[in-house]
Amino acid sequence: MEEKNEFLEKTLELFIENGAKALTMDDIAKAFAMSKKTLYEQYGNKEGLLKQVLDYKSYQIIASIKAMGKKASNAIEALLLKDECIAQASHEKKSIFIRQLIKYYPNTFNEHILGVSKRINEILVQNVKAGREQGLFRADFDEKWYAKLFFQLIMSYESTPFIDTHKINKSDYSDEVMLFYLHAITTEKGKEILKNYK
């Protein structure tokens with residue numbers, strides 16, 4: 001299993017460096033000194049390999065997010081730590097890779113995003129429940145709906161014409177979205193605690 005994970009990790013790096021469209025199965029086979037036939041037998045085609053690479057990476061990110069949340073002293077800190085983890089996972093150089101996925105592999109990208117969204121929404125809903133128990137988050141909103149809105153805002157950086165990506169980088173954008181979300185859901189007690197993290 002470790003060998004397969006290492007293969008998927010290195011293949012992801014190749015996709016990021018070369019782009020989803022430009023990297024061929026031949027390139028991947030050469031990089032790993034394996035036959036193209038073996039590669040096709042294991043993954044079917046490039047899109048099948050892309051799906052496995054994306055699944056592997058998303059499970060890794062979700063595991064990191066959950067681990068970060070356990071280190072936090074409260075629900076606000078947990079969200080901020082999770083945001084940091086997401087930012088590290090989606091740094092700037094992946095933008096070309098993401099854009100190419102959207103353009104050339106839209107079904108694969110959409111399937112991937114829906115899976116990630118579902119898992120992150122579950123984490124956010126649990127976080128809201130914990131925050132309410134701690135008296136930090138309001139009780140008068142639908143946490144499932146807010147989780148979907150939050151994820152939509154985070155993901156829109158790559159795909160909306162309303163954000164000038166030359167004026168705000170992805171990390172700053174994500175920070176602003178997180179603050180926007182936290183200000184929308186926190187109680188007065190939560191807002192006081194939030195001030196300590198700025």
Checklist entry - Among V53, V177, which comes first, second and so on when ranked by fewest other beta-carbon atoms within 10 Å? => result V177, V53
Checklist outcome for this item: Two pseudo-spin positions, 7 Å from Cα along C-beta at Y59 and at M25, lie apart in nanometres by 2.3 nm
Checklist entry - Of N196, I113, A67, whose Cα points farthest to the positive end of the dipole of the chain (charges on the beta-carbon: +1 Lys, Arg; -1 Asp, Glu; origin at the Cα centre)? => result I113
Checklist outcome for this item: 1/(1 + (r/R0)^6) with r = Cβ-Cβ of S73 and L14, R0 = 41 Å, i.e. FRET efficiency to nearest 0.05, evaluates to 0.55
Checklist entry - For labels at D175 and T187 in the simple 7 Å Cα→Cβ model, what's the distance in nm? => result 2.9 nm
Next on the checklist: Based only on other Cβ atoms within 10 Å, what is the fewest-to-most ordering of M178, M34?
Outcome noted: M34, M178
Item to check | Amide H partners (placed H, <5 Å) of F137, local residues excluded | outcome: R132, T187
Checklist outcome for this item: Among M178, L39, F150, the residue whose Cα sits farthest towards the positive end of the charge dipole of the chain (+1 at Cβ of Lys and Arg, -1 at Cβ of Asp and Glu, taken about the Cα centre) is F150
Next on the checklist: On the Cα set of region 1-195, report Rg and Dmax in Å, please.
Outcome noted: 18.8, 61
Checklist outcome for this item: Footprinting proxy, H183, H112: sorted fewest to most Cβ within 10 Å, the residues are H183, H112
Item to check | the chain: relative contact order in percent, alpha carbon pairs under 8 Å with at least 6 residues between | outcome: 22 percent
Item to check | Magnitude of the charge dipole, the chain, Cβ model with Lys/Arg +1 and Asp/Glu -1, debye to 20 | outcome: 160 debye
Checklist entry - Which ³J(HN,Hα) values in Hz, rounded to whole numbers, follow from the phi angles of region 171-185 under the Karplus curve 6.51 cos²θ - 1.76 cosθ + 1.60, where θ = phi - 60° and Gly and Pro get x? => result 5, 5, 4, 4, 4, 5, 5, 4, 5, 4, 4, 5, 5, 6, 10
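Read-outs throughout are calculated quantities, based only on the coordinates presented, and are distinct from any laboratory measurement. Here the structure is a predicted model, which means the values were calculated and not measured. Cβ coordinates were reconstructed from backbone atoms using ideal geometry, including for glycine residues, and neighbour counts include every protein chain displayed.
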